[in-house]
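Here is the structure we will look at.
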Amino acid sequence: MASRVAAALLLLWITVSTAVAADVPFAPRTDISLPPLPAAIAAGDIDGDGRADFVAMHAGRDDLAVFLSRANGSFEEVGSVPVGIGPAALQLVDVNRDGWADVIAASGIGNTVGVLLGRGDGTFEAAREWPTGASPAGLAVADFDRDGSADIAVTSLFDDSVQVLAGHGDGNFEARAPVHVSGGPAGIAAADLDGNGAVDLVVALTLDENALAILMGGGDASFAERSRIPLSALPGQPVIGSFDDDPRLDIAVAERNGNAILVFAGAGDFGAPVRVETGAFPAGLAAADIDRDGRLDLITADSFDDTVSLLRRSGPATFQPRQTLKTDRMPMAALAADVNRDRVADLLSANFLAGDVSLAMNQVVPPPLCTGDCQEKGAVTVSDLVRAVAITLGRVRLGQCTEADPDVDGTVTLGERFAALQNALGGCSGAQDVPRSSFFVPR
């Protein structure tokens, strides 16, 4: 009898531990027409309404297209902005601390980085340009010298260098001495890997060798290479985040001609990776909590399969079998962004041959919302209440606290402010602390 009970318990454990979660539900795909050959895309809240917008650069053109999201989930092209020719990398970040997303664009042919300051209405100032090394290929933005201002690191593929531009906090930058990194540096990511308060860099090497170079930051915008992680195939853009649920940051990178993602746990010198299968030639990689379970998931653009792969976490450094979503022809980049303010990340892919962006609207039901909890941390603070009032008075953009507008009508009413006050006094009953994902523009 005891042996039968033990066998039954073992069978139950195997059944539970190997269960595959249901796919994330998405609405039918929508394709948004772009100028031909989109090669770089970035998403963020450009106009301050709390919905993610996007900008795109195109091969052979010297401008970028600006698309603003609307309340019904559609996008409207509102214009184009001149930038350098030859799109290499693109980001939306507030570099001058005025609350509006700015464009940072690397020109692979012009050998420049352009910074276009956002006006908050979908338009941008003329580009301010700084020279880079030969063929800039990747961008990372962080505070490298700990002065509170955004700095820029740019890889130069044919110069074997990383150029650091120290920000002044007003949209102007000062070039620092380039950091030598041999091997053809391309994709780059920035974060404090060792927890010492200084931002470090992870650089993908793509010419003389396939590897990741780990550059440790000195806290003064200087960097020194510590180690290299050899790879067996061509690396794409690295992504840094917690993929094993411990406090240390981990590294994920797509091996493009290996049809896989490698996840390296952030312990010591990053040991043997976890390998996760993708579609054919994963050209883009992003991380976000797609199913709102509190864990970062991974998304790839599988260029030769015309799909996006969604790789959901099932535990520490473990993933569910990939869920595939069909895109238009040859997706080169994948992004996760909340385009309709329902507090779940939707998926976008820039499709090079089709000349469009495929949008898949996420239909996951988010956790309960605590009105006024601007950071979704399960409590409404005095700062949150002040921010809600400032939005009502028009002094702060709605994107600073969309949680103060639970009915998504674009205004913070007296009733919503009163609900936030009640939550501040009585607590957020039923709300969950689910971390924000990396696609949000910093507030």
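The values are calculated or read from the model by the stated rules, or taken from the named source; none is laboratory data. Keep in mind the model is a prediction, meaning the values are calculated, not measured. We place every Cβ from the backbone using ideal geometry, glycine too, and count neighbours over all the protein chains shown. Protein only, heavy atoms only, side chains kept; ligands, DNA and RNA dropped before computing areas. Shrake-Rupley method; radii C 1.70, N 1.55, O 1.52, S 1.80 Å.
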Pick from the range 275-285, criterion aliphatic (A, V, I, L, M) and at pLDDT 95 or above, ranking: farthest from residue 296 (Cα to Cα): 280
Which of the residues belonging to the range 168-182 are part of a loop (DSSP other than H, G, I, E, B) and either touching a residue at least 40 places away in the same chain (Cβ under 8 Å) or more than 18 Å from residue 235 (Cβ to Cβ) (or both)? 168, 169, 170, 171, 172, 176, 177, 178, 181
When you scan the range 286-303, do you find a residue that is modelled with pLDDT under 95, open to solvent by 50 Å² or more (accessible area, probe 1.4 Å) and over 19 Å from the mean Cα position of the chain (by Cα), even just one? no
Could you list, in sequence order, all residues of the range 239-296 that are in a loop (DSSP other than H, G, I, E, B) and of a type in the set (D, E, K, R)? 244, 245, 246, 248, 269, 289, 291, 292, 293, 295
Checked against (1) more than 26 Å from residue 135 (Cβ to Cβ); (2) under 21 Å from the mean Cα position of the chain (by Cα); (3) open to solvent by 20 Å² or more (accessible area, probe 1.4 Å), residue 218 satisfies every condition except (2)
With the requirement that a residue be in a strand (DSSP E or B), open to solvent by 30 Å² or more (accessible area, probe 1.4 Å) and hydrophobic (A, V, I, L, M, F, W, C), what does the range 95-136 give you? 130
Report whether or not residue 403 is without any contact (Cβ under 8 Å) to a residue 40 or more places away in the chain and open to solvent by less than 40 Å² (accessible area, probe 1.4 Å). yes
From the residues in the range 381-396 that are over 27 Å from the mean Cα position of the chain (by Cα) and not hydroxyl-bearing (Ser, Thr, Tyr), which one is most open to solvent (accessible area, probe 1.4 Å)? 395
Every residue from the range 199-219 that is in a strand (DSSP E or B), small (Gly, Ala, Ser) and in contact (Cβ under 8 Å) with a residue 40 or more places away in the chain: 204, 217
